[in-house]
Every structure is written in structure tokens, then in C-alpha cells.
Amino acid sequence: MTKQVFSIALLAYPDVSRSALYGLAELFEVANLAAEEQGVEIKFETRIVQGESETFFCELILIPPSISLIDTT
């Protein structure tokens, strides 16, 4: 049986929390390991994208939180 592949883009932008960005990437790596171990035919392919010049297809775009404070005044 062929694995179902889900493409996920993780958006890197100025002031992105790097721990959140790379933590999300690692989360999907661990999910892939668990799926493999359990015999689940799913794979998550993550890609960190940084700019407008990159064009590709993905099923999901995740925007991690920023480390800068939000000025609400």
C-alpha cells in the first residue's frame, strides 16, 4: 500500500519564534516515526519557507508565533 503524503509549509518570517518553528518541524518528524512504528500509511513532509519567491504545492501552511511583543495601544 502507498503512503498518503501531506505537504506542510512552515512559514519563517522576521521575528518568528525559532523554537516554535523548529519545534513544529520536529513534531512532524516524531509523528512520522510513530506512524512508521504503528504501520500507519501516512507521511508528513515539512518544508520551512522564507519568501515569496518559493512556489510549491502544500496542503497546509502553519504560521508559528512571533517573539516580538504586540503593541495594542
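What follows is calculated from the coordinates using simple rules that are stated; it is not laboratory data. This is a predicted model, so every value here is computed, not measured. Ideal geometry is used to build each Cβ from the backbone, glycine not excepted, and the neighbour counts take in all protein chains shown.
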Please report the relative contact order for region 4-62, taking Cα pairs under 8 Å with a sequence separation of at least 6, and give it as a percent rounded to a whole number.
60
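As an exercise, identify the GluC sites (Glu not before Pro) in region 1-70 lying in DSSP coil whose Cβ has no more than 12 other Cβ atoms within 10 Å. The partial results should precede the final answer.
Details: sites: Glu26, Glu29, Glu36, Glu37, Glu41, Glu45, Glu52, Glu54, Glu59; in loops: Glu41, Glu52, Glu54, Glu59.
Sites meeting the loop and neighbour criteria: Glu41, Glu52, Glu54, Glu59.
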With at most 14 other Cβ atoms within 10 Å, longest stretch of the chain clear of loop chymotrypsin sites (Phe, Trp or Tyr not before Pro) (DSSP):
1-55
Rg(Cα) of region 4-62 divided by 2.2 N^0.38 Å?
1.21
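Just to confirm a number: summing +1 for Lys and Arg and -1 for Asp and Glu over residues other than Ala35 whose beta-carbon lies under 9 angstrom from that of Ala35, what do you get?
Working: positive: Lys3, Lys43; negative: Glu36, Glu37, Glu41.
Spelling it out: positives minus negatives among the neighbours equals -1.
Suppose only helical runs count, i.e. DSSP H with n ≥ 4. What mean residue ellipticity at 222 nm does that imply for the chain under -39500 (n - 2.57) per run, divided by all residues and rounded to the nearest 500 deg cm²/dmol?
-10000 deg cm²/dmol
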